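All remarks here apply to the structure that follows.
The values are calculated or read from the model by the stated rules, or taken from the named source; none is laboratory data. What you see is a predicted model; the values in this text were computed from it and never measured. Here the Cβ is made from the backbone with ideal geometry for all residues, glycine too, and neighbour counts use every protein chain on show. Side chains included, ligands, DNA and RNA excluded: accessible areas come from the protein's heavy atoms. Shrake-Rupley method; radii C 1.70, N 1.55, O 1.52, S 1.80 Å.
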Amino acid sequence: MTLDPLPDLLIQPVIRNALAEDLGRAGDITGQACVPADARLTADFVARRGGVVAGLSCIRLTLAEIDPTARVEPLVGDGQVATAGSALARVSGNARAILTAERTALNLLGRLCGIATLTQDYVDAVSGTKTRITDTRKTTPGLRALEKYAVRCGGGVNHRFGLDDAILIKDNHVAACGSVGEAVRRAKAFAGHLVKVEVEVDSLNQLQEALAGDPDVIMLDNFGLDDMREAVRMVDGRITLEASGGVTLETVREIAETGVDVISVGALTHSVRVLDIGLDAVEG
């Protein structure tokens, strides 16, 4: 699967902040000390471990901040699978600039590829069921748009992006309102016609109460498999059911087989293993 990249305007502020953090007060003093100012370099970004590619534009945008004349040639596309040892992109330009941009580009690219790869593992695990894998808001501050894009590269779908694009009633909202039913009633009275309302429940009794309010989505929080199957029977396709809480690669298949529509997995972004990628100079 190949996706359109994120707009540059969404990525540039992230890259500029990361470069400012790395360059500090004096810039890359190693490059200044060791590399002639006019030296040229061609190098490949190489996957040390196989995985799903996401975030290639981070290479281009990071390098452009240091050397706008540098060339970046993507060799694969976001959403494609790269094997261990394969080159993802080739860069050529001022040597100092490439070496200065290297770590920032690798940090972003490796994290996004890791998210895409883990997401694909979850998507593959529920293959053949109707269930879709989605992310959560448990993202790295400042990187949400990039990390959620990486989830899409891995075949997952996105949950809400922030607090402003959907109503999600959690247990503490219920506590503040007094009951699930009252929380749903208030939410539906407040919401505009394009705003969905989701409510989290932690028991079948709460589920019955939520159903009376007719929300758009009900989240089954840490339900056991038997209760999950009963919830699917009770809802009977009338409302989208989302399973959440402690989902792992070892448990996601049996959760999907209960018949839920969506499984949200915080681990996609909060516990990801960065994909190992390196920069290798090309001789000649």
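A few notes on this one:
- Top-ranked residue of the range 1-21 - restricted to ones that are at pLDDT 95 or above and open to solvent by 90 Å² or more (accessible area, probe 1.4 Å), ranked as farthest from LEU146 (Cα to Cα): GLU21
- Here ARG25 meets each of (1) part of a loop (DSSP other than H, G, I, E, B); (2) touching an Asp or Glu at 6+ places or on another chain (Cβ under 8 Å); (3) more than 21 Å from VAL282 (Cα to Cα) with one exception, condition (2).
- Residue in the range 262-280 that is touching a Phe, Trp or Tyr at 6+ places or on another chain (Cβ under 9 Å), open to solvent by less than 20 Å² (accessible area, probe 1.4 Å) and either assigned to a loop (DSSP other than H, G, I, E, B) or free of Cβ contacts under 8 Å to residues at least 40 places away in the same chain (or both) present: yes
- Some residue of the range 29-43 being closer than 17 Å to LEU279 by Cβ, within 28 Å of the chain's Cα centre (by Cα) and not polar (S, T, N, Q): yes
- ALA37 being assigned to a loop (DSSP other than H, G, I, E, B) and open to solvent by 50 Å² or more (accessible area, probe 1.4 Å): yes
- 2 or more residues among the aliphatic types (A, V, I, L, M) and at pLDDT 95 or above: qualifying strands (runs of 3 or more DSSP E) within the range 127-216: 167-169, 197-201
- Condition broken by ALA84, with the remaining ones in (1) closer than 26 Å to THR251 by Cα; (2) part of a loop (DSSP other than H, G, I, E, B); (3) touching a Gly at 6+ places or on another chain (Cβ under 7 Å) satisfied: (1)
- Within the range 72-99, considering residues that are open to solvent by 20 Å² or more (accessible area, probe 1.4 Å) and in contact (Cβ under 8 Å) with a residue 40 or more places away in the chain, the one farthest from ILE15 (Cα to Cα): SER86
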